[in-house]
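Before any comments, here is the structure.
The values are calculated or read from the model by the stated rules, or taken from the named source; none is laboratory data. Here the structure is a predicted model, which is why all the values come from computation and not from measurement. As a convention, Cβ positions derive from the backbone with ideal geometry for all residues, glycine included, and neighbour counts pool all protein chains shown. Heavy atoms of the whole protein, side chains included, go into the accessibility calculation; ligands, DNA and RNA do not. Shrake-Rupley method; radii C 1.70, N 1.55, O 1.52, S 1.80 Å.
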Amino acid sequence: CIRDRPYTKQLYGTVHTPYTLGITQKNDQVDQKTSMFKVMPGQHIAIHVLPKIIDASNEFKLLPLSTRKCMLSQETQGFKFLIEYSRKGCELECAAQKAVSFCKCLPWYYPNNFTVLPICDMFGSHCFDRIMSDQSFYKKCQNWCKEDCQEISLATWATIFPLGTNHN
């Protein structure tokens, strides 16, 4: 077996199509730009997920935001895309709002009635995608994006090895 050859045979060459895999919980926004694992042809990938549960008492939830310094899931005032608050969702919305301010459009797959902003054409989509791919825009709203008072955070890591090898 020759190992230096590509593991895939595409119709017009040896370049493979890149795929990514992401892990999220049900109330988080699906973010296809961060926290993703690359899936390559000819490799076995095992994704390990370790949940960490943070809960808050009813008395803690009654404290004002300035005292508790964290957000509850129903505190979504001021957001356009979030239905249920999460810090990750807030950071995603922060980056999306920055992209909207630069690109002056919104991709078709974001919630919108398109009466204020037009759907992005190919140039607007490229602009939007470039901003959403830049991690720095996710951290620009640190005063706005507070920690979750209740959450299940997921620590994830991958084990990757070539197919056809014995790894137990």
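Results for (1) part of a helix (DSSP H, G or I); (2) farther than 23 Å from S73 by Cβ, shown as yes or no for each residue.
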{"residue": "F102", "(1), (2)": "yes, yes"}
{"residue": "Y110", "(1), (2)": "no, no"}
{"residue": "V116", "(1), (2)": "no, yes"}
{"residue": "F123", "(1), (2)": "yes, yes"}
{"residue": "F128", "(1), (2)": "yes, yes"}
{"residue": "S136", "(1), (2)": "yes, yes"}
{"residue": "C141", "(1), (2)": "no, no"}
{"residue": "W144", "(1), (2)": "no, no"}
Residues in the stretch 122-136 that are within 17 Å of the chain's Cα centre (by Cα) and open to solvent by less than 30 Å² (accessible area, probe 1.4 Å) total 3
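Residue by residue, here is whether (1) of a type outside the set (A, V, I, L, M); (2) in contact (Cβ under 8 Å) with a residue 24 or more places away in the chain; (3) within 14 Å of Q97 (Cα to Cα) holds:
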site: M132; (1), (2), (3): no, yes, yes
site: K140; (1), (2), (3): yes, yes, yes
site: L154; (1), (2), (3): no, yes, no
site: W157; (1), (2), (3): yes, yes, no
